[in-house]
Amino acid sequence: MTDVLLDDLNPQQLKAVTAPDGQVLVLAGPGSGKTRVLTRRLAYLIERQGVSPYDIIAVTFTNKAAREMESRVTYMLQRELEGLWLGTFHAMCARLLRREANYLPYKSNFVIFDADDQVSLVKRALHDLNIDDKTHRPTGVHAAISNAKNELQLPDDMPRRTYRDEVVARVYKRYQELLVTNNAVDFDDLLLLAARLLEEHPGVAEKYARRFRHVLVDEFQDTNLAQYTLLKHLAGYHKNIFVVGDEDQSIYRWRGADYRNVQRFEQDYPGCTKILLEQNYRSTQNVLDAARQVIDQNRNRTPKHLFTTRGAGNKLVQFVGVDDIAEAAFVVDTVQQYLSSGKASANDFAVMYRTNAQSRIVEEAFIHAQIPYRLIGAQKFYGRREVKDMIAFLRLVENPADEVSLLRVVGVPPRGIGEKSILALQQSAFRAGISAGEVLLDLGRHGQDSPYWQEIGRSAALLADFGTLLNEWQSARDQVSLVSLFDRIISDTGYEPYINDQSDEGNDRWENIQELRRLAYDFQEKGLTEFLQNLALVSDQDTIPSATEQEGAARPQGAVTLLTLHAAKGLEFGQVFIIGLDEGLLPHSRSRDDPEEMAEERRLFYVGMTRAKNQLYLLRSERRSSFGTWEYSEPSRFLDDIDEYLIINQGKRSTSRRDTRLEDMRWSTTTVSPSRRTTYAAPAEKETKYKAGMRVRNASWGEGVVLESKVDPDGEETVDVHFESVGFKRLLASLAKLEIVS
DNA sequence: TCGCCAAGACTTTTT
DNA sequence: GTCTTGGCGA
């Protein structure tokens, strides 16, 4: 009798999945089956313990994790999970707050402000308080407010030890007032308001605590105080809380995450069951050993001994480029070698870096080599101006009080409404004690009969026109589908000709609008409110296809993934390149003076290393371009922690800038054929450069014997070599840099 | 009111 | 080097 739910679990996993009621702390090393344990636990509770999905809440940090968990459990149990609360912390809090909005100064259809909105609101607050935004930069003040919120502090709770504190507290207060008038909450508010709601209204807290017989939490090490408090309340009655995490993978300290919540958990629940998952199913032992040598330098953690049955595997490869271009060239050449030998497909590779700025040079190198790649993060889609415009229109329809959105689109496309008109509108709204949006709607409805028409004066007609549009959209919202509303807005505003000037960029912008429209299509039934919430709470992170999605026929050859170390958490790749292992970059210079920050940099490196299944490449370069000049750096201190016997040093290579420029010129010609890929190739002679029996040397694999060499019609020479170190390899002569020994 | 141009800032990570 | 912001002229 087989048991699909439990049979394939190792003893520790089994113990976790089938743990009795109470508090369970699962410390799961990288690749130890953390997600599997969590999903099986959920399935186990429902299927074997007879717990109704309605009585369970499961929280994650990303939408992707939530989706994956849901689909796996649904598949496993072959049933829908009616009533289950499963989603990100932010989404679960939004759901709670919308339900309990009568306890809050918000209407239940509040909108969620993203980072940009938040900063512009801080700007507004600074302006209102006559504070100079040069000495107190909006982003900095916002960060301080955000930190306070993560610590559950309201303006009056904040310490005021310096003048700066004083300013921040005042701005925070004003900022919060503005949010209320906009009927908007920010990311941090979702957590803060939910936590405080439960704290201040025991009746509400009890309602949810009684309902949720089981609380499940993913990535527990990344919780902040607000989240921890929230969980405590949610699990306050039944006290069945199952958390999974790994202190060593806590990389969101700057967002308020406190890995010590793991220790706090043990103190708060002395009777909790603690389970360590140490068997790794992902990497080779060499990768694990190296990663352990790095992470063992950190203190205040539960030591783990990760092991695998996969064997030692290859050693790590280290490479030092003379500059960042050589560094990128090494990555691309190496990938190229794998691809042409057919040993791997492009989606087996990932290039990871500390800062987004590092991606550009790697991107260029991949473009030149014509290897498809996929860039994760860096605000690719949702940060686009046209996308934000459209979202702002929709948000305005949903919530006319949203002045940030109103100001964004009132003059888009230009319709004769400028600074003066806006000021008149705002003053009029202020006098009437209502929002600017409401004044606009009234102007639209009543035209010259509106009480505001007179006092606004000259621009009233233009404002009224826009108000009319807004009114029409609002009624369309209730009558037609979301996508129809979307189309209405575009045609009413003449948005298409405005952004699409038929240039490449214009078409690109229009494409983005179409993409957003496709997303709206998925919310035809759920409606505008849900759509907007989803837009606010998804990130580009969530666009990373999961392993199962990747295997689909959609991408036959796949693409190399380029992503930050932060974005890499939870993913795995056959071959991983970590670039920029320089002091100042990894660890980042901003972390130099703070031991806690430094420890986090180390964890970040650890997270990156443990993404590798088969091969890990560690790269740095002696100098890299920054702003236009060269910056020189020392090797990262983290490299010193890895024993030499685990590393093969590939030495240096000097792909000079001149080479790349030459490449540029070739690629800019009009025709691009696949054979052009071989620009590095030796002169097109039919004769092979390498002959069977020759002894050759290669920087990575040392010496070997040529077995066979052939030139294809493109002039590309393929050499088969048997190396003493690694055995048979098929190489492109143009890329392999083989040196003839005899 | 709008669009263009120049100066300045920017690079840590993001739900 | 590139993107954003702000100032100025039409």
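Rounded to the nearest 0.05, what FRET efficiency is calculated for A:LYS239 and A:TRP630 with R0 set to 51 Å and r the Cβ-Cβ distance?
It comes to 0.30.
Quick one: helix A:385-398 against the long Cα principal axis of chain A, what's the angle to the nearest 10°, folded into 0 to 90?
So the inclination is approximately 30 degrees.
So how do A:LEU129, A:LEU339 line up by other beta-carbon neighbours within 10 Å, fewest first?
Fewest-to-most ranking of A:LEU129, A:LEU339: A:LEU129, A:LEU339.
Nearest 5 percent is fine: what portion of the DSSP beta bridges confined to chain A is antiparallel?
30 percent
Ranked by Cβ crowding within 10 angstrom, fewest neighbours first, how are A:MET92, A:MET694 ordered?
Ascending number of Cβ neighbours within 10 Å: A:MET694, A:MET92.
Tell me, what is the FRET efficiency for A:GLU530 and A:LEU154 to the nearest 0.05, using R0 = 30 angstrom and their Cβ-Cβ distance as r?
Once the sixth-power term is evaluated, E becomes 0.55.
By counting other Cβ atoms within 10 Å of each Cβ, how are A:THR223, A:THR629, A:THR229 ranked from fewest to most?
So the ranking, lowest neighbour count to highest, is A:THR629, A:THR229, A:THR223.
At 25 °C and 0.890 mPa s, what whole-number value in µm²/s does Stokes-Einstein give for the translational diffusion of chain A, with Rh from the Kirkwood sum over Cα pairs?
Translational diffusion coefficient: 85 µm²/s.
For region A:151-156, in order, what is each residue's ³J(HN,Hα) by Karplus, 6.51 cos²θ - 1.76 cosθ + 1.60 with θ = phi - 60°, in whole Hz (x at glycine and Pro)?
Values, residue by residue: 8, 6, 9, 8, x, 6 Hz.
Treating the angle as unsigned and between 0 and 90°, give the value, to the nearest 10°, between the Cα long axis of helix A:482-493 and the longest Cα principal axis of chain A.
Computed tilt is about 80 degrees.
Only Lys, Arg, Asp and Glu count, each charged at its Cβ (+1, +1, -1, -1), so figure out the dipole size of chain A about its Cα centre, rounded to 20 debye.
Dipole about the Cα centre, nearest 20: 880 debye.
Quick one: Karplus J couplings for region A:97-110, per residue in order, coefficients 6.51, -1.76, 1.60, θ = phi - 60°, nearest Hz, x for Gly and Pro?
5, 5, 5, 9, 4, 5, 8, 10, x, 10, 7, 6, 9, 3
How far, in degrees from 0 to 90, does helix A:285-295 lean away from the longest principal axis of the Cα atoms of chain A, to the nearest 10?
The angle comes out near 50 degrees.
List the residues, sorted by chain then number, that are 5 or more residues from A:ASP582 or on another chain and whose placed amide H is less than 5 Å from its amide H.
A:SER636
What's the longest piece of chain A with no exposed GluC sites (Glu not before Pro), counting a site as exposed if DSSP puts it in a loop and it has at most 11 other beta carbons within 10 Å?
Counting at most 11 other Cβ atoms within 10 Å as exposed, the longest clean stretch of chain A is A:83-524.
State which entries of A:LYS613/A:LYS691; A:LYS232/A:LYS274; A:LYS149/A:LYS239; A:LYS173/A:LYS420; A:LYS64/A:LYS123 exceed 23 angstrom in Cα-Cα distance in the structure shown.
With Cα atoms farther than 23 Å apart: A:LYS613/A:LYS691; A:LYS149/A:LYS239; A:LYS173/A:LYS420; A:LYS64/A:LYS123.
Defining a contact as two alpha carbons under 8 Å apart and six or more residues distant in sequence, what relative contact order in percent does chain A show?
15 percent
As an exercise, identify the trypsin sites (Lys or Arg not before Pro) in region A:491-537 lying in DSSP coil whose Cβ has no more than 13 other Cβ atoms within 10 Å.
Within region A:491-537, the qualifying trypsin sites (Lys or Arg not before Pro) (loop, at most 13 other Cβ atoms within 10 Å) are A:LYS526.
Starting from the amide H of A:ILE417, placed 1.01 Å from N in the peptide plane, find each other amide H under 5 Å away whose residue is 5 or more places distant or on another chain.
Result for A:ILE417 returns nothing.
Once phi is turned into ³J(HN,Hα) by the Karplus curve 6.51 cos²θ - 1.76 cosθ + 1.60 with θ = phi - 60°, what whole-Hz value does each residue of region A:587-596 show in order, with x for glycine and proline?
Karplus-based 3J(HN,Hα) across region A:587-596 equals x, 6, 4, 5, 9, 4, 9, 10, x, 5 Hz.
Given A:ALA357, A:GLY418, A:ALA401, which one lies farthest toward the positive end of the charge dipole of region A:300-422, if we put +1 on the Cβ of every Lys and Arg and -1 on the Cβ of every Asp and Glu?
Towards the positive end, the residue furthest out is A:ALA401.
No value in this document is a laboratory result; all are computed from the given coordinates. Note that the structure is a prediction, hence the values are computed from the model and not measured. Because the Cβ atoms are built from the backbone with ideal geometry, glycine has one as well, and the counts that use them run over all protein chains shown.
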